[in-house]
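Novice: Below is a structure I'd like to ask you about.
The values are calculated or read from the model by the stated rules, or taken from the named source; none is laboratory data. The shown structure was predicted, so the numbers you read here are calculated from the model rather than taken from an experiment. Accessible surface areas use protein heavy atoms only, side chains included; no ligands, DNA or RNA. Shrake-Rupley method; radii C 1.70, N 1.55, O 1.52, S 1.80 Å.
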Amino acid sequence: MVIILLEAYLPFIGLIIFGNIENLILASQGVVQGVDVKVLGALSVLVVIIWLVIGTVATEVAIQYSSYITFIGGLAIVILGIQAIREAVKNIKAKKREEHHG
């Protein structure tokens, strides 16, 4: 029974994985920017719940577009990852400059 239900979500397995990675990237960006960790965690959980509801309700409609959705999700992960790395490197360089001059 459970396996039959899970089969409906198999085309979205890549998106599920990408979504978790995206959540980690966004959380790391928030930490780098100095966002309150508790607020960031609460917002993250809220967004995951919203996506779960949307995914549960819209799976039948979205299944025909799963390959496009997965591609767009993967592209978003790559872009967010690059952005997160750039911000982290900028932050690290700024701290090193402060240590040298301070």
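Novice: Note down, for region 1-86, the three equivalent ellipsoid semi-axes (square root of 5 times each alpha carbon gyration tensor eigenvalue), biggest first, whole angstrom.
Specialist: 27, 16, 9
Novice: Moving to a separate point now. Between 15, 80, 52, where does the largest GNM mean-square fluctuation fall for the chain, given springs only between Cα atoms within less than 10 Å?
Specialist: The residue that fluctuates most here is 52.
Novice: Pick from 73, 19, 34: which is most flexible by mean-square fluctuation in a GNM of the chain where alpha carbon atoms under 10 Å apart are linked?
Specialist: The residue with the greatest mean-square fluctuation here is 34.
Novice: Additional query: Quick one: how many Å² of residue 18 are accessible to a 1.4 Å probe, rounded to 10?
Specialist: Near enough 70 Å² of accessible area.
Novice: In nm, what is the difference between 0.36 nm times the number of residues separating residue 92 and residue 54 and their Cα-Cα distance?
Specialist: Using 0.36 nm per residue and subtracting the Cα-Cα distance, I get 9.9 nm.
Novice: Output the 0 to 90 degree angle, nearest 10, between the alpha-carbon long axis of helix 13-32 and the longest principal axis computed from the alpha carbons of the chain.
Specialist: Tilt relative to the chain: about 20 degrees.
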